[in-house]
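*Asks:* Sharing a structure with you now.
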Amino acid sequence: MEILVASAIGVLTAGGTYLILRLRAFPVILGLALLSYAVNVFLFASGRLATNMPPILDKSGADVSYTDPLPQALVLTAIVISFGMTAVLVMVSLGAYLERESDEINIPHPDDDLSDDTATEDGK
Amino acid sequence: MNHWIIAPVVLPALLAPIIGYVMRHDIQLARTASVAGNLFFVGIAVGLAMLASTSADPFVYRLGDWPAPFGIVLVLDRLSALMVLLTSVLALIVLIHAIATGWDRRGRHFHALFQFQLMGISGAFLTGDIFNLFVFFEILLIASYGLMIHGGGRERMQAGLQYVVINLAGSTLFLFALGTLYASTGTLNMADLAERLTQVPVEEAGLVRVAAMLLMIVFAVKAAVFPVQFWLPGTYANAPAPVAALFAIMTKVGAYAILRVHTLIFGPGVPATHGIAEDWLFPAAIVTIAIGALGVLGTRRLMPLIAFSVIGSMGTLMLAIAAFTPQATTAALYYLIHSTFAAAALFLIGDLVLARRANERLTAQPAITENGLFAALFFGAAIAMAGMPPLSGFLGKLLVLDALRVPGEMPWAWSAILAGSLVTIVGFARAGSTLFWKSTSIIPHPSADPSVDEAVPPPPDHPRAIALAPSMTAIGLLAALAIFAGPVTNYVGQTSAQLFDRDAYVNAVLHSPLNEEPNTKIIKSHDDEGHGDEADAAEEHGEATHDEGGH
């Protein structure tokens, strides 16, 4: 199970990183979603992987085998936050796309359009 | 427990939805509520700063009265009180500027987002739990996304998209760091982490060191330290100017987090992570200064110029922080207060100037109304930012230089700061003379071909006193910071002494007599078992790491 979880985190992270480096809005959104899945699984695993164990101690406290409940709470928080953030990201990138008719993340160099003007002014 | 400690978080948290839902159709009502709330916030922050200076020990606020490390705690010490006070004063200045210049009407929900932003920032300064720090980071970020794209427009949306993407990637990294930290120590409470990490032997500390470095990268993204500073010029230059001025505190959130986490948790005296932050932060800060200075010299637009000067000041700040000694931290805190107001003043003045010019290019254009007044204001803010006397930038840099007189560091640090200051002065002088002096020799001729300059200069507008007041206040505060440098240095000196007293912090959070109150007895008895289990888990994991290392 450790190998499965570890390689799942690895594949998700690698895919997410690759997609973010594409620098176009849609792949970047997908990439960040993949990264957040990877980090959720990672957080989950940070409480040790255990199967068929309750997340609480039993009444007597004699049986100390339990699965750590805290990472589950952390993952829940992280899921909620990343879900909200993804929604914001989709709206912002949609807004940027509608304004600019292009889904590239990079901004064309802001000083590019200056050279022509400077030339005109020097020419005067 | 003093309930006022949570007020800086609760007040904006309550105010923001009320402004957002109830007052969304009435801008005057929203403005009144926002300013009133902010004034109250300043009052609370002053009270908290006074409270924090009454005792050498930090004040602990246990949420839900759960004892640490099981519940989340807020911790008020001198540093967090100082940062909250700085936030509140800056916010008031920025808010009045935004109202006076009408920025808050150019989009929706400015005031609600502004309050949410304040909630996130003060929460980040107050929290004593590192996962809670992540949550407050997300709150301040999501509010800043809204503020960043306030008013819309092509460039701004595009820059906003970049800003959102880089910060989402940063948040993911933050979570990876927290997961690693929890897996190797079994706790997320900062005081508890501090206590446990001193017991981690050096040879088993691989994962902890990874977490320490990951956290530093995350905070460096916020603080705009090389190599993750690239997002800042585009964001700050394209954000609405009052928002950029408010963002002056956002970079300081990153600086605060590095300072807090790498003194308290991975601090000096922890063998597992000894020297890890210093070794990387010091050269990175030097490169950051260089990038800032070159950017100031190279850019041909006003707002990017100011943004690059912010990068340069963050480099200087980080250089002082990277020393991790009480004296250097004192200098860093003084410079932090200074650079926050200096950056805010520059952005606000830049906004007033740009509102009266056709575009933000640094070329000679017809003189604006009240040219002399704006020239004087720009001059004042620029010499503060560049570090010239008589304003506080000079004293701040002097303190930093004085604190870095360590043989191995001094040649690098001194030449970086001094050369960086010189280049920044040249850049600002060139920009200022183009903006204000060369402009007076150009007479506007209305018959000129309008196609040469696509944007027509805005009509002459005499600035109202209320529009000038915020930037003048910011410069006045810089002057006050220079005049009262003695008392301020004294206060920040005590602050950094408290910051380096890790045992006092840990004892106040974990071992305070309040934790032994009768109604918490039952929880206390479980407490010990919990400790045992988590310690076992940590040990198990330590062995696992060790084995992997062996392979």
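*Asks:* From the list B:Ala355, B:Ala323, B:Ala345, pick out the single residue that is at pLDDT below 95 and closer than 21 Å to B:Phe219 by Cβ. Show your work before the answer.
*Replies:* Working: B:Ala355 fails: closer than 21 Å to B:Phe219 by Cβ; B:Ala345 fails: closer than 21 Å to B:Phe219 by Cβ.
The match here is B:Ala323.
Okay, residues lined up against (1) within 21 Å of the chain's Cα centre (by Cα); (2) modelled with pLDDT of 80 or more:
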{"residue": "B:Ser451", "(1), (2)": "no, no"}
{"residue": "B:Ala455", "(1), (2)": "no, no"}
{"residue": "B:Ala467", "(1), (2)": "no, yes"}
{"residue": "B:Pro470", "(1), (2)": "yes, yes"}
{"residue": "B:Phe484", "(1), (2)": "no, yes"}
{"residue": "B:Pro487", "(1), (2)": "no, yes"}
{"residue": "B:Val492", "(1), (2)": "yes, yes"}
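*Asks:* Here's another thing I want to ask about it. Can you find, within segment B:128-155, the residue that is farthest from the other protein chains (Cβ to nearest Cβ) among those that are charged (D, E, K, R) and under 19 Å from the mean Cα position of the chain (by Cα)?
*Replies:* First, the residues of segment B:128-155 that are charged (D, E, K, R): B:129, B:138, B:154-155.
With the extra rule that they be under 19 Å from the mean Cα position of the chain (by Cα), the set shrinks to B:129, B:138.
Numbers: B:Asp129: 11, B:Glu138: 5 Å.
In this case the residue turns out to be B:Asp129.
*Asks:* Inside segment B:69-85, can you point out the residues that are in a loop (DSSP other than H, G, I, E, B) and more than 19 Å from B:Asp501 (Cα to Cα)? Break it down into steps so the answer makes sense when it comes.
*Replies:* To start, the set of residues in segment B:69-85 that are in a loop (DSSP other than H, G, I, E, B) comprises B:69-72, B:77.
Passing the criteria: B:Pro69, B:Phe70, B:Gly71, B:Ile72.
*Asks:* I'd like to check something: does segment A:50-68 contain any residue that is under 13 Å from the mean Cα position of the chain (by Cα), more than 7 Å from chain B (Cβ to nearest Cβ) and buried (at least 16 other Cβ atoms within 10 Å of the Cβ)?
*Replies:* So far as segment A:50-68 goes, no, none of its residues is under 13 Å from the mean Cα position of the chain (by Cα), more than 7 Å from chain B (Cβ to nearest Cβ) and buried (at least 16 other Cβ atoms within 10 Å of the Cβ).
*Asks:* Filtering segment A:70-101 down to residues that are buried (at least 21 other Cβ atoms within 10 Å of the Cβ) and among the polar types (S, T, N, Q), which residue is nearest to the other protein chains (Cβ to nearest Cβ)?
*Replies:* Per the criteria, the residue is A:Ser93.
*Asks:* Okay, next question. Which condition number does B:Phe136 fail, the rest of (1) in contact with a strand residue (DSSP E or B) (Cβ under 7 Å, 6 or more places away or on another chain); (2) crowded, with 24+ Cβ neighbours inside 10 Å being met?
*Replies:* The one condition B:Phe136 does not meet is (2).
*Asks:* Select from segment B:20-57 the residues that are closer than 30 Å to B:Asp503 by Cα, surrounded by fewer than 17 Cβ atoms within 10 Å (Cβ to Cβ), touching a helix residue (DSSP H, G or I) at 6+ places or on another chain (Cβ under 9 Å) and small (Gly, Ala, Ser) and list them in ascending order.
*Replies:* Step one: list which residues in segment B:20-57 are closer than 30 Å to B:Asp503 by Cα, which gives B:44-57.
After this cut, where a residue has to be surrounded by fewer than 17 Cβ atoms within 10 Å (Cβ to Cβ) as well, the list is B:46-47, B:50-51, B:53-57.
Still in the list and also touching a helix residue (DSSP H, G or I) at 6+ places or on another chain (Cβ under 9 Å): B:46-47, B:50-51, B:53, B:56-57.
Hits for segment B:20-57 are B:Gly47, B:Ser53, B:Ala56.
*Asks:* Right, here's the next one. Take the residues of segment B:366-418 that are of a type in the set (D, E, K, R) and assigned to a loop (DSSP other than H, G, I, E, B): which is nearest to B:Thr473 (Cα to Cα)? Steps first, please.
*Replies:* The initial filter retains those residues of segment B:366-418 that are of a type in the set (D, E, K, R), namely B:370, B:397, B:402, B:405, B:409.
Subsequent filtering for residues that are assigned to a loop (DSSP other than H, G, I, E, B) retains B:370, B:405, B:409.
Numbers: B:Glu370: 18, B:Arg405: 34, B:Glu409: 36 Å.
Looking at residues that are of a type in the set (D, E, K, R) and assigned to a loop (DSSP other than H, G, I, E, B), I get B:Glu370.
*Asks:* For the condition within 30 Å of A:Ser93 (Cα to Cα) and in contact with a Pro (Cβ under 7 Å, 6 or more places away or on another chain), what is the one hit in B:Ala159, B:Ala237, B:Ala220, B:Ala224?
*Replies:* Numbers: B:Ala159 fails: in contact with a Pro (Cβ under 7 Å, 6 or more places away or on another chain); B:Ala220 fails: in contact with a Pro (Cβ under 7 Å, 6 or more places away or on another chain); B:Ala224 fails: in contact with a Pro (Cβ under 7 Å, 6 or more places away or on another chain).
The conditions single out B:Ala237.
Rundown of residues vs (1) modelled with pLDDT under 90; (2) on the phi > 0 side of the Ramachandran plot; (3) more than 7 Å from chain A (Cβ to nearest Cβ); (4) out of contact with any helix residue (DSSP H, G or I) (no Cβ under 7 Å at 6 or more places or on another chain), yes/no style:
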| residue | (1), (2), (3), (4) |
| --- | --- |
| B:Gln158 | yes, no, no, no |
| B:Gly170 | no, no, yes, no |
| B:Phe174 | no, no, yes, no |
| B:Met190 | no, no, yes, no |
| B:Gln199 | yes, no, yes, yes |
| B:Glu204 | yes, no, yes, no |
| B:Leu207 | yes, no, yes, no |
| B:Ala212 | no, no, yes, no |
| B:Leu215 | no, no, yes, no |
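*Asks:* With the requirement that a residue be of a type in the set (A, V, I, L, M, F, W, C), under 16 Å from B:Leu173 (Cα atoms) and within 8 Å of another protein chain (Cβ to nearest Cβ), what does segment A:17-37 give you?
*Replies:* Answer for segment A:17-37, where residues must be of a type in the set (A, V, I, L, M, F, W, C), under 16 Å from B:Leu173 (Cα atoms) and within 8 Å of another protein chain (Cβ to nearest Cβ): A:Ile20, A:Val28, A:Leu32, A:Leu35.
*Asks:* Among (1) surrounded by 24 or more Cβ atoms within 10 Å (Cβ to Cβ); (2) over 24 Å from B:Leu398 (Cα atoms); (3) within 14 Å of chain A (Cβ to nearest Cβ), there is one condition B:Ala307 misses while meeting the rest; what is its number?
*Replies:* B:Ala307 satisfies every listed condition except (2).
*Asks:* Filter segment B:310-343 for residues that are surrounded by fewer than 24 Cβ atoms within 10 Å (Cβ to Cβ) and not aliphatic (A, V, I, L, M); which is nearest to B:Arg260 (Cα to Cα)?
*Replies:* My answer is B:Phe324.
*Asks:* Can you say whether B:Ile276 is modelled with pLDDT under 90 and of a type outside the set (Gly, Ala, Ser), as far as the supplied structure shows? Before the answer, list the steps.
*Replies:* Values: modelled with pLDDT under 90: yes; of a type outside the set (Gly, Ala, Ser): yes.
Yes; evaluated as a whole, the condition is true for this residue.
The values are calculated or read from the model by the stated rules, or taken from the named source; none is laboratory data. Fair warning: this is a prediction, and the values are worked out from it, not measured in the lab. All Cβ positions, even for glycine, are placed from backbone atoms using ideal geometry, and neighbour counts span all protein chains on display.
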